[in-house]
Amino acid sequence: MGIRKLILLSCLSLMLGNALAQDPHFSQFFSSPLTLNPALTGKFFGNYRVAGNYRNQWPSINSSPFTTATVSADFHILEGRIPNNDNWGIGFMGYNDNSAGGAVKFNYAGISTAYHKGLDEEGINQLSAGFQVTYANMLINTANLTFEDQLTSSGFTGVTSEVFNASTLKSSYVDVNAGLLYNGSSSDRNNYYFGVSMYHINRPQQSFTGAQYVLSPRTTFHGGGYFPIGETTTLHMSALQMFQGGTSETMIGAAIQLNAQPDAPKPTSFYFGSWMRFNDAIIPYLGLEFDDFRLGLTYDYTSSTLKTAALNRGGFELSLIFVHRPSTDRPVNCPKF
């Protein structure tokens, strides 16, 4: 029974919302570019970009049962040596996912690159292809696990009969990911994009206690855009459809941008809106953009049958993106949400 319980725990560690057997991922998928699509590497207007995300899922069940954090940095290379309407980006990403109160830990480190080919003279419309290699490591600290034979009238105070060869079980693998992206604009105030990515192309294996488990490929279709609805107001929309291991996830939503300084080179803007994860959660969004920063805050309100176990609570998520932007060049519109 011990190994079966460990397998179950491993599956639980890959849950966000009720997406059983899916990779850990973010409700603010649009603020974590290198975990969404390698083709987004270097896809921004500026010199370099740094992005960070933190998620705490279902804290009402236990003390931080599911926490996920990532940080990434990407920048352009070979500027002046490739056509002016093209861009080439390279990026680095670190990723951590903890579950079961920290007993199960995933750590990822990846490098990605993407080439953005201009489809017109100014490079306003581009077709991008990206590639990513990731090293992943999984640790299960068996000393932090509890089992049903430990349950007494005073809680999990008994001694388990489960026996492990080591206090920590480990598994590691190398992952291969790739993606495509189309991005375009028809004016200086709108943008639209469509992309597809596939992670775990090489179907890596996780190995514990002699048994091997194949990680299913994750295919994601995503798209979005923004367009003006007033002199100082812009509507941003995005959607995502993800498939992995016989499960799927659908998200769609929008946010309104209110520009508080329309004539400033780097105006301050406020955002409010909501996304929905079908059959799982309603996700209100608040954002603030100032100087070269964009801060986002969401809260997953569980709307599925899991809301009873979650005590009608969901997951808190925070994102922060910094893009070092020049203030003199003509801006190039890029995907934002």
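Couple of notes before you dig in:
- Extreme residue, modelled with the lowest pLDDT, among residues of the stretch 307-337 that are assigned to a strand (DSSP E or B) and surrounded by 20 or more Cβ atoms within 10 Å (Cβ to Cβ): 315
- Cβ-Cβ distances below 7 Å connect the following pairs, each with a first residue in the stretch 31-46 that is within 18 Å of residue 79 (Cβ to Cβ), a second residue that is of a type in the set (D, E, K, R) and in a loop (DSSP other than H, G, I, E, B), and a separation of six or more residues or different chains: 45/325; 46/325.
- Consider the stretch 218-239 and keep the residues that are small (Gly, Ala, Ser) and farther than 30 Å from residue 202 by Cβ. The one that is modelled with the lowest pLDDT is 230.
- Only one of the numbered conditions (1) touching a Phe, Trp or Tyr at 6+ places or on another chain (Cβ under 9 Å); (2) farther than 22 Å from residue 172 by Cα; (3) touching a residue at least 60 places away in the same chain (Cβ under 8 Å) is violated by residue 186, and that is (3).
- Tally of residues being assigned to a strand (DSSP E or B) and either touching a residue at least 60 places away in the same chain (Cβ under 8 Å) or surrounded by fewer than 16 Cβ atoms within 10 Å (Cβ to Cβ) (or both) across the stretch 112-125: 4
- Restricting attention to the stretch 228-245, the residues that are in a strand (DSSP E or B) and small (Gly, Ala, Ser) add up to 2.
- For residue 223, the requirement of being surrounded by fewer than 20 Cβ atoms within 10 Å (Cβ to Cβ) and in a loop (DSSP other than H, G, I, E, B) is not met.
- Conditions (1) over 23 Å from residue 46 (Cβ atoms); (2) of a type in the set (S, T, N, Q); (3) free of Cβ contacts under 8 Å to residues at least 24 places away in the same chain: number failed by residue 279: (3)
- In the set (1) part of a loop (DSSP other than H, G, I, E, B); (2) under 25 Å from residue 23 (Cα atoms); (3) modelled with pLDDT under 70, the condition left unmet by residue 164 is number (2).
The values are calculated or read from the model by the stated rules, or taken from the named source; none is laboratory data. Since we're looking at a predicted model, the values are computed, not measured. So basically every Cβ, Gly included, is an ideal-geometry build from the backbone, and we count neighbours across all protein chains shown.
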